[in-house]
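Just below is one structure, and these are the notes that go with it.
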């Protein structure tokens, strides 16, 4: 029995961020990702990013969503949260529909496990 090699896991010292989390305890959260240097000082050469997260209820249960909010301030992130979340829902639904279309166009060949033929 051969052993699999473990991948080398290292952090990128040039891509560090400090994360602050803001929530209204009702709809979702906003994470403010502030770039920092290896010393923990703010790295003003890279932009601050705002990432929103929420969940929507589906027939299969709660579906978590995470999305970037294009802004340069917390105030802008709060104001833009709803529109960014709506866009994330629309994209997610399109992706789910595409996955369903792909699944529906697959033919299962008896006697072959996990072997499907894709219809054009």
Yes/no for residue 35 being in a strand (DSSP E or B), surrounded by fewer than 12 Cβ atoms within 10 Å (Cβ to Cβ) and in contact with a strand residue (DSSP E or B) (Cβ under 7 Å, 6 or more places away or on another chain): no
Filter the stretch 48-104 for residues that are in contact with a helix residue (DSSP H, G or I) (Cβ under 9 Å, 6 or more places away or on another chain) and assigned to a helix (DSSP H, G or I); the one that is surrounded by the fewest Cβ atoms within 10 Å (Cβ to Cβ) is 84
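Bear in mind these aren't lab numbers, they're just calculated from the coordinates by the rules spelled out. As the structure is a prediction and not an experimental result, all values here were calculated from the model. As a convention, Cβ positions derive from the backbone with ideal geometry for all residues, glycine included, and neighbour counts pool all protein chains shown.
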